[in-house]
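The block underneath contains the structure these notes are about, expressed in structure tokens.
The values are calculated or read from the model by the stated rules, or taken from the named source; none is laboratory data. Quick caveat: nothing in here was measured; it's all calculated off a predicted structure. Reconstructed Cβ throughout: ideal geometry from the backbone, glycine too, with neighbour counts over all protein chains shown.
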Amino acid sequence: MTEPLIAIRDLHYTYLPGTPLQAVALRGASMEVYAGEIVGLIGPAGAGKSTLLQHCNGLLRPTEPGHVIVDGQDLADPTVDLRRLRQMVGIVFQHPERQLFETLVGDDIAFGPRQLGMSRAEIRRRVEWAMRVVGLDFDTFVDRPTAALSGGERRKVAIAGVLALRPRVLILDEASAGLDPLTREEWQEQVRRLNADEGMTVIVVSSDMEEIAALAGRVYVMAEGRMVDEGTPAEVFAHTDLLNSLGLGQPVTSWVLGELRRRGYDVDPYAIRLEETVEELCRILRS
Amino acid sequence: MDDILIRVEDLHFAYRAGEPDAVPALNGISLTIRRGEYVAIVGHNGSGKSTLARHFNALLLPTRGKVYVQDMDTSDPRHTLDIRRIVGMVFQDPDNQIVGTLVEEDVAFGPENLGVPQPALAQRVEKALQAVGLWELRHRPPHLLSGGQRQRVAIAGVLAMEPACLVLDEATSMLDPASRAEVLQVVRRLHTAGTTIIAITHFMEEAALAERIIVLAGGKIALEGSPQEVFSQRERLRELRLVPPTPAQLAEAVQARSGVAFSPLPLTREALVEAVHAHAVPLPAGGRP
Ligand SMILES: Nc1ncnc2c1ncn2[C@@H]1O[C@H](COP(=O)(O)OP(=O)(O)OP(=O)(O)O)[C@@H](O)[C@H]1O
Ligand SMILES: Nc1ncnc2c1ncn2[C@@H]1O[C@H](COP(=O)(O)OP(=O)(O)OP(=O)(O)O)[C@@H](O)[C@H]1O
Ligand SMILES: [Mg+2]
Ligand SMILES: [Mg+2]
């Protein structure tokens, strides 16, 4: 058996413990991510998704029972090399505004590689590459102040800044929120490519169930600080009652097939991709 | 015409206009928004949606051209306060909008500034917080909430101002599906009660709820019409970096494969189920076919 690249075991976390504002965010969350996977993580607002993921690169450290093990290292160990860890695990945060450090777009994307002491030529190569991957035109944007961008452009800069580190694990916390529809499609294609061609392991949090269905090979469902379901997208999205009780709903494909099934039509509720769904729908139509 | 709430005439806008690094964002936009209308504005990243929205309540002023709200020229500073009372805006980034130290103070901030007295103020705050499902969290500091919770605080803050026109700039982008449905439900209720709605969104299923869709590209209006009209132009949409809502994509693929023709094209998941049901092989009585 290979070891998971990231293993989170029975993790607890409380914000501002012992104060009137104390908020219990994790109550025994466990998750395993193997090298080369694309794992989806879904859950209602406040479920603890962002809190969990911030443990994966040491931004939050385990303070209560529970373990976070990344590439064989237990992050509770105070001697963990955080620099190395953050080079390995890159997180695109939910709010890109909190991720932009530098005044100019080019400098911002170069920030990580510079910290790692790379050569100017290598830094430039990485910035160009990262901007290309997210679809930001180099000449238009490289010298643009980060304050002078549209919402979607700011998001792209934040993603590019993380990509430029070429992390082994890419964590996307609502990273595609605010991208226009075609850019979102292209970005999903890029994620698949980074995963397939460069072996990047990906964890994706999204409130867009179609994005999860399109990207993830395996999905965790989180609620109130712990995992409540796990499986392939087809399996997880067929658990209608659980999803509805959590207010998560389903991708359009599963929803439509489920609804037709409830009306008595013999369609496969596990079909989830667009082509499969079209096939299922055509089967019950008069020709 | 007094049923027109917002009138935009040949609007041009550039950030840092006149400087060597000026960025032209709007390049000649003319449109009208009728009182009580529900309009969606969509378009590629950087197409000018947020810039246009900021002209609706005088946060930005035209470099050239005019914007009128209820016949008040937004460039005339004497009208600014009145205009902001009429047009309430939920921004793309909630963090720029959150001002209070507690959720309930934050939501009270807007109506308080409008001079709403107690106890009406407290009632408005409660109603707004209930509407977005945050009443339980009213004593928490907003900056200590999750992303989706903060986005709902921002929405409640504007709801409490009870504006005649509500502008939502990607206000639901980070909400889980149930919270998004709740917010859309609130929006629909306000619209039914007469509020003018202008919704900027990248979710085409959400845009399909509007009566009219305006598509921006490169700071100009590229396409405009009912959701049916706009979403049936698949090729044109792709050039504009948009894709029809998933139910419409499924419906088109089914039409192409099966020869069945859906009319009108279903744009929502509910409509797709009905359309398929109407064309399906009838079920034998009492069981699955
Ligand atoms: N900095 C903080 N201080 C105190 N409490 C916090 C903080 N950040 C989050 N919380 C609380 O911890 C819980 C989990 O929050 P978290 O941000 O992990 O949720 P999430 O699943 O990412 O939600 P969303 O989908 O809305 O982003 C919530 O109850 C939230 O209010
Ligand atoms: N503060 C600013 N200074 C300079 N240029 C800006 C500024 N804000 C936006 N821009 C530019 O103006 C244009 C329009 O931006 P706007 O924010 O209106 O786009 P948008 O349609 O809302 O995009 P998105 O979908 O990404 O939110 C873009 O080219 C953008 O780069
Ligand atoms: Mg979060
Ligand atoms: Mg915008």
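Selection of the range A:7-24 for residues being assigned to a strand (DSSP E or B) and either basic (Lys, Arg) or more than 8 Å from ligand 1 (Cβ to nearest atom) (or both) yields A:Ala7, A:Ile8, A:Arg9, A:Asp10, A:Leu11, A:His12, A:Tyr13, A:Thr14. The helices (runs of 4 or more DSSP H) located wholly in the range B:173-289 that include 2 or more residues which are within 11 Å of chain A (Cβ to nearest Cβ) occupy B:177-192, B:204-207, B:234-239, B:246-258, B:269-279.
Conditions (1) among the hydrophobic types (A, V, I, L, M, F, W, C); (2) closer than 16 Å to A:Gly106 by Cβ; (3) within 16 Å of ligand 1 (Cβ to nearest atom); (4) touching a helix residue (DSSP H, G or I) at 6+ places or on another chain (Cβ under 9 Å), marked per residue:
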| position | (1), (2), (3), (4) |
| --- | --- |
| A:Met131 | yes, yes, no, yes |
| A:Phe141 | yes, yes, no, yes |
| A:Arg144 | no, yes, no, yes |
| A:Leu149 | yes, yes, no, yes |
| A:Arg154 | no, yes, no, yes |
| A:Leu165 | yes, yes, no, yes |
| A:Leu170 | yes, no, no, yes |
| A:Ala175 | yes, no, yes, yes |
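Out of curiosity, is B:Leu168 under 30 Å from B:Leu11 (Cα atoms) and within 14 Å of chain A (Cβ to nearest Cβ)?
It is true that B:Leu168 is under 30 Å from B:Leu11 (Cα atoms) and within 14 Å of chain A (Cβ to nearest Cβ).
Scanning the range A:131-149 for residues that are assigned to a loop (DSSP other than H, G, I, E, B) and surrounded by fewer than 21 Cβ atoms within 10 Å (Cβ to Cβ) turns up A:Gly135, A:Asp137, A:Val142, A:Asp143, A:Arg144, A:Ala147, A:Ala148.
With respect to (1) closer than 18 Å to B:Leu134 by Cβ; (2) touching a residue at least 40 places away in the same chain (Cβ under 8 Å); (3) not hydrophobic (A, V, I, L, M, F, W, C), the lone exception for B:Gln92 is condition (1). Scanning the range B:184-197 for residues that are more than 11 Å from the chain's Cα centre (by Cα) and in contact (Cβ under 8 Å) with a residue 24 or more places away in the chain returns B:Val186, B:Leu190, B:His191, B:Gly194, B:Thr195.
Contact map, the range B:135-154: residues that are without any contact (Cβ under 8 Å) to a residue 24 or more places away in the chain paired with residues that are within 15 Å of ligand 3 (Cβ to nearest atom) and of a type in the set (Ser, Thr, Tyr), Cβ distance under 7 Å, separation 6+ or inter-chain. Pairs shown: B:Leu144/A:Tyr15; B:Ser146/A:Ser50.
Scan the range A:252-273 for residues that are within 8 Å of another protein chain (Cβ to nearest Cβ) and within 22 Å of the chain's Cα centre (by Cα) and the total you get is 2. Listed by first and then second residue, the pairs linking a residue in the range A:136-153 that is closer than 14 Å to A:Thr103 by Cα to a residue that is among the polar types (S, T, N, Q) and more than 6 Å from ligand 2 (Cβ to nearest atom), with Cβ atoms under 9 Å apart and 6 or more places separating them unless they lie on different chains, are A:Pro145/A:Thr103; A:Thr146/A:Thr103; A:Ala147/A:Thr103.
Cβ-Cβ distances below 8 Å connect the following pairs, each with a first residue in the range A:222-237 that is over 15 Å from A:Arg9 (Cα atoms), a second residue that is part of a helix (DSSP H, G or I) and small (Gly, Ala, Ser), and a separation of six or more residues or different chains: A:Pro233/A:Ala213; A:Phe237/A:Ala213; A:Phe237/A:Ser254.
Where helices (runs of 4 or more DSSP H) sit wholly within the range A:25-128, those with at least 2 residues that are in contact (Cβ under 8 Å) with a residue 60 or more places away in the chain and under 21 Å from A:Leu170 (Cβ atoms) occupy A:49-54, A:82-88.
For the structure I just gave you, tell me whether B:Ala154 is away from chain A (no Cβ under 14 Å), modelled with pLDDT under 95 and either out of contact with any strand residue (DSSP E or B) (no Cβ under 9 Å at 6 or more places or on another chain) or closer than 23 Å to B:Ile86 by Cβ (or both). No, not satisfied.
With respect to being more than 16 Å from ligand 3 (Cβ to nearest atom), modelled with pLDDT under 95, more than 9 Å from chain B (Cβ to nearest Cβ) and surrounded by fewer than 20 Cβ atoms within 10 Å (Cβ to Cβ), A:Glu128 falls outside the description. So is B:Arg7 within 14 Å of chain A (Cβ to nearest Cβ) and either surrounded by fewer than 17 Cβ atoms within 10 Å (Cβ to Cβ) or more than 9 Å from ligand 2 (Cβ to nearest atom) (or both) or not? For B:Arg7, the condition - within 14 Å of chain A (Cβ to nearest Cβ) and either surrounded by fewer than 17 Cβ atoms within 10 Å (Cβ to Cβ) or more than 9 Å from ligand 2 (Cβ to nearest atom) (or both) - is not met. The single residue among A:Leu243, A:Leu285 that is at the interface with chain B (Cβ under 10 Å from one of its Cβ atoms), farther than 24 Å from B:Thr201 by Cα and within 23 Å of the chain's Cα centre (by Cα) turns out to be A:Leu243. Selection of the range A:175-185 for residues being more than 16 Å from ligand 4 (Cβ to nearest atom) and under 13 Å from the mean Cα position of the chain (by Cα) yields only A:Ala175. If you go through the range B:32-59 and keep only what is more than 14 Å from ligand 4 (Cβ to nearest atom) and either over 26 Å from B:Arg189 (Cβ atoms) or crowded, with 17+ Cβ neighbours inside 10 Å (or both), you end up with B:Ile33, B:Gly36, B:Glu37, B:Tyr38, B:Val39, B:Asn57, B:Ala58. Counting only strands (runs of 3 or more DSSP E) that sit wholly inside the range A:190-285, those with at least 3 residues that are more than 27 Å from A:Leu136 (Cβ to Cβ) are A:218-223, A:226-231.
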